[in-house]
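Notes follow the structure.
The values are calculated or read from the model by the stated rules, or taken from the named source; none is laboratory data. Remember, predicted model here, so these are calculated numbers, not experimental data. FYI the Cβ positions are ideal-geometry reconstructions off the backbone, even for glycines, and counts take in every protein chain you see.
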Amino acid sequence: MLSLAAGVGLGFGCNESVRRMIDVVTPAYRSVEEWDTIKDDHLHALRTRPPAQVVADLAIDLHDLALHLKQAAPADLPDLYRTAALLSCIQANALTRLADHGAAIRPRKPCSPWSRQHGASARGPGHA
């Protein structure tokens, strides 16, 4: 899900060299609290900035969070996946505002073995 959301956003004017630079300049570790603040910042941006800018900025953090999830402590995973889900929803909302409905509603696979183990559905809450 994160890779899909991040990949969709990176298609808006970014190229491979920009993605490589993101990998170099992004911090190695952010706490759960920092990710929560980032989520709040993107939600505020959705309300106050043009959707194309929100999509581009959010794609960077979604990519960074996807990398962070691979290295996170098991105790942090539930909170980080919750933040990832909320950031993906913000991304879908911004894409819808850009009239990119297909990218916003593409079917997604569960993010990880953790989500499958804890019963998370690929289609979201309320679906089996």
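Looking at (1) in contact with a helix residue (DSSP H, G or I) (Cβ under 6 Å, 6 or more places away or on another chain); (2) modelled with pLDDT of 90 or more, find the lone condition where T26 falls short.
Evaluating T26 over (1) in contact with a helix residue (DSSP H, G or I) (Cβ under 6 Å, 6 or more places away or on another chain); (2) modelled with pLDDT of 90 or more leaves (2) as the failure.
Restricted to region 29-56, and to residues that are of a type in the set (G, A, S) and part of a helix (DSSP H, G or I), which residue is farthest from L98 (Cα to Cα)? Break it down stepwise before answering.
Filtering region 29-56 down to residues of a type in the set (G, A, S) leaves 31, 45, 52, 56.
This time we only want the ones that are part of a helix (DSSP H, G or I), so: 45, 52, 56.
Working: A45: 15, A52: 7, A56: 12 Å.
So, considering only residues that are of a type in the set (G, A, S) and part of a helix (DSSP H, G or I), the one farthest from L98 (Cα to Cα) is A45.
Just to check your reading of the model, which residue among A59, A75, A84, A99 is at pLDDT below 90 and part of a helix (DSSP H, G or I)?
Numbers: A75 fails: at pLDDT below 90; A84 fails: at pLDDT below 90; A99 fails: part of a helix (DSSP H, G or I).
Selected residue: A59, the only one of A59, A75, A84, A99 that is at pLDDT below 90 and part of a helix (DSSP H, G or I).
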